[in-house]
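The values are calculated or read from the model by the stated rules, or taken from the named source; none is laboratory data. From a predicted model like this one, the values you see are computed outputs, not experimental measurements. We place every Cβ from the backbone using ideal geometry, glycine too, and count neighbours over all the protein chains shown.
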Amino acid sequence: MLNSPAHMHIPDGYLSPVTSLILFLLVLPFWYLGARRLSKRMNARNVPLIALMAAFSFIVMMFNVPLPGGTTGHAVAGALVAIILGPGVATIAISIALVIQAIFFGDGGILQIGANCFNMAVVLPYVAYGIYRLISINTPATSVRRVIGAAVGGWAGLSVAALAAAVEFGIQPLLWHTADGAPLYAPYPLSVAIPAMVIPHMLIASVIEGVIAAAVVLYLQRANVPMLELTQKPTAAVSATAPGRLRWLWIGLIALIIATPLGLLAPGTAWGEWGAGELANMGLGAVPQGMAALQGLWGAPLADYDIPALGNASLGYALSAVAGVALIVVLAFLFSRLLTGKRAQPAQRAQPADQE
Amino acid sequence: MSEIAAADQPPVPASMPAPAQAKRRNGVIERTLADISHTMGHTLFSEDIARQPGLLQSLDPRVKVISMLALLIAVGLSRNLAVIAGLYGVTLALAWRSAIPVGFFIKRVWLFLPFFTGVIALPALFITPGPTLLLLPFGLVITRTGAMSALFLLLRVSTSVSMAALLTFSTPWNDVLKALGVLRMPEAVILIFGMTYRYIYLLLNTANDMFLSRKSRVVGRLTGADQRRMIGATAGVLLGKSLHLSSEVYLAMQSRGFRGHARAPSVASFNMRRRDWGAFVVVAIVTVSAIWLGQ
């Protein structure tokens, strides 16, 4: 209720408790990751550091950021904290700020803490930091590419976070409704929720997120350059090798997974992937003989990307996507292990903030 | 209970946007200052109520934390409007018995709703397909399913917000923190939450001073670009100050014997009396029956 960015703090009642629980479980590994990165370097020192960074995040969310044209608004500041301190620390700091907002200020629902942390403390900082590093890689701290990276990173980070929230809203009416079809939670399908959430964010809130990140980077370049180098490895050039290129792949892959539910919007079936029945519907008189012969040869474990036990096609579709991607990643990992032997681990990307 | 409202300034609902006066001046400095003092005011106000004598204030914070979570889940799971409405009634009764001005309590929730949920619920009235409930001019049709889903959203959000507010209005923050120990939160986490909360107020004061001093030096109006530079610089300086402070705090903790072992404030000072157990049983019955009736 601190005039937070419109619609980013999800209140209780918008998502079913099941959705909230799943998102909460999704955030857990990121909390673990963030905590581990912190403790690796600073152990006891991290207690006051996290507390101060969380407090800082809380305060910055209160700053009014002016946009060209006269509008002002509040930033989430997830991009800013990620750029200065790394996404792992940002996840922890923003999460704590969000929990205090939810419990004490009624800003965002208490049962939705998992969902809000997922959108604003995981998706936002990781996307923002990834793009910032992509744009500014191998540049000195005072380079103008750092400023551009911060601006684009902040903008894209919050836009993707808004997309995540929109997908969370949009799957509600598909999954939970009364017997006569009245949605029980957020009422709009994906086709309405996504444009309604994402477009206004891209125009205003995401711009604010980019502006504050860029403005702080610009200021630090003039006044406090070492603070821009907190996330860098003290030794050796950062990511001189493969991970730099692999990163594109990972970012693309994650973007695709996030976009999976968009498939639910598309009418029809995938071009060229017709089954015999669909070919007949399209007006093809006879099914090619070879195809008819091959038809029952292979029964997919998740036919039509549905898990019958769930009794819900859309949920099955989404879970199928996740299961498919997980399977591919595991296979690819095993395969690369086989080829390259034991090493070939991607270097640690983000280092914990190195104090002093 | 209305003395609180009368004695101090009338309570400002936490949901209200920054005061209109600040808006008219149209400066980011003024607006940020208004938001900062608003946050401080909200805290003072709720800590004030938490120290009044009342029903919820007299209960063990652990019971309150568990009860709030259980009831929130019951509200979240219910597929029955009457059950949610009933639980909203329960929150009003509890507010009334706990020295929370009921008028303020209702207003706080329902003033906040139109800004957020109302805007979302309104179009749902019309665009959700279903049998017609009401015909409006201009060919607008309110559908029965649309009305149902809008009601679900409004009631669920307002009841949940009210329940969360009951906890914060009836329990000082330190007690809420200690009570989180029952949820098996690691002690280090509780310690960090406690410190964060404490430093939020320190940094609020610092930010307030920074903006005030800036305001006192600015004559006339800043251009947009200058304002952005100013906000960026303020945030950057504040971040630097926070980092610096964190290392000082660490040294101070170390000098007092902190060796990385977090010890959260102990819950030993809490003790469950008969009325706490009674409240616990009542809430358990209400929750179970609400979930059962709500199916």
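Things to note:
- Scanning the stretch B:135-165 for residues that are surrounded by fewer than 19 Cβ atoms within 10 Å (Cβ to Cβ), touching a residue at least 12 places away in the same chain (Cβ under 8 Å) and more than 31 Å from the chain's Cα centre (by Cα) yields B:LEU140, B:VAL141, B:ILE142, B:ARG144.
- Among residues of the stretch A:46-68 being more than 7 Å from chain B (Cβ to nearest Cβ) and not hydrophobic (A, V, I, L, M, F, W, C), the one that is nearest to B:LEU245 (Cα to Cα) is A:ASN46.
- Boolean, B:LEU125 is within 16 Å of B:THR159 (Cα to Cα), part of a helix (DSSP H, G or I), within 13 Å of chain A (Cβ to nearest Cβ) and at pLDDT below 80: no
- Residue within the stretch A:65-85 that is touching a helix residue (DSSP H, G or I) at 6+ places or on another chain (Cβ under 6 Å), at pLDDT 85 or above, surrounded by fewer than 21 Cβ atoms within 10 Å (Cβ to Cβ) and assigned to a helix (DSSP H, G or I) present: no
- Subset of the stretch A:129-154 (residues that are touching a Ser or Thr at 6+ places or on another chain (Cβ under 8 Å) and of a type in the set (D, E, K, R)): A:ARG145, A:ARG146
- Some residue of the stretch B:136-143 being more than 8 Å from chain A (Cβ to nearest Cβ) and part of a loop (DSSP other than H, G, I, E, B): yes
- For the stretch A:151-177, filtering for residues that are among the charged types (D, E, K, R) and away from every other protein chain (no Cβ under 14 Å) leaves 0.
- Within the stretch B:240-292, tally of residues that are assigned to a helix (DSSP H, G or I) and at pLDDT 80 or above: 34
- For B:THR132, the test of being without any contact (Cβ under 8 Å) to a residue 24 or more places away in the chain and of a type in the set (S, T, N, Q) is passed.
- Here is the figure for the stretch A:62-105: residues that are closer than 24 Å to A:PRO226 by Cα and without any contact (Cβ under 8 Å) to a residue 60 or more places away in the chain total 4.
- Restricting attention to the stretch B:215-251, the residues being over 22 Å from A:GLY154 (Cβ atoms) and crowded, with 18+ Cβ neighbours inside 10 Å number 4.
- In the stretch B:46-105, of all residues being within 14 Å of chain A (Cβ to nearest Cβ) and of a type in the set (D, E, K, R), the one that is nearest to the chain's Cα centre (by Cα) corresponds to B:GLU47.
Yes/no per residue for (1) in contact with a helix residue (DSSP H, G or I) (Cβ under 6 Å, 6 or more places away or on another chain); (2) in a loop (DSSP other than H, G, I, E, B); (3) surrounded by 19 or more Cβ atoms within 10 Å (Cβ to Cβ):
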residue: B:HIS42; (1), (2), (3): no, no, yes
residue: B:GLU47; (1), (2), (3): no, no, no
residue: B:PRO53; (1), (2), (3): no, yes, no
residue: B:LEU69; (1), (2), (3): no, no, no
residue: B:GLY76; (1), (2), (3): yes, no, yes
residue: B:GLY86; (1), (2), (3): no, no, no
residue: B:THR91; (1), (2), (3): yes, no, yes
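- Residue match in the stretch A:117-124 (condition: farther than 18 Å from A:LEU25 by Cβ, within 11 Å of another protein chain (Cβ to nearest Cβ) and buried (at least 24 other Cβ atoms within 10 Å of the Cβ)): no
- Exclusive hit being over 13 Å from A:GLY210 (Cβ atoms) and surrounded by 22 or more Cβ atoms within 10 Å (Cβ to Cβ), set A:SER143, A:SER136: A:SER136
- Residues that are among the polar types (S, T, N, Q) and facing another protein chain (nearest Cβ under 9 Å), drawn from the stretch B:201-237: B:THR206, B:GLN227, B:THR234
- Condition check for B:ARG198: among the basic types (Lys, Arg) and within 9 Å of another protein chain (Cβ to nearest Cβ): yes
- Only one entry in B:PRO186, B:PRO172 is at pLDDT below 80 and farther than 30 Å from B:LEU122 by Cα, namely B:PRO186.
- Yes/no for A:ALA141 being small (Gly, Ala, Ser), part of a helix (DSSP H, G or I) and within 14 Å of another protein chain (Cβ to nearest Cβ): no
- Between A:ILE103, A:ILE110, the distinction of being of a type outside the set (Gly, Ala, Ser), within 10 Å of chain B (Cβ to nearest Cβ) and part of a loop (DSSP other than H, G, I, E, B) belongs to A:ILE110 only.
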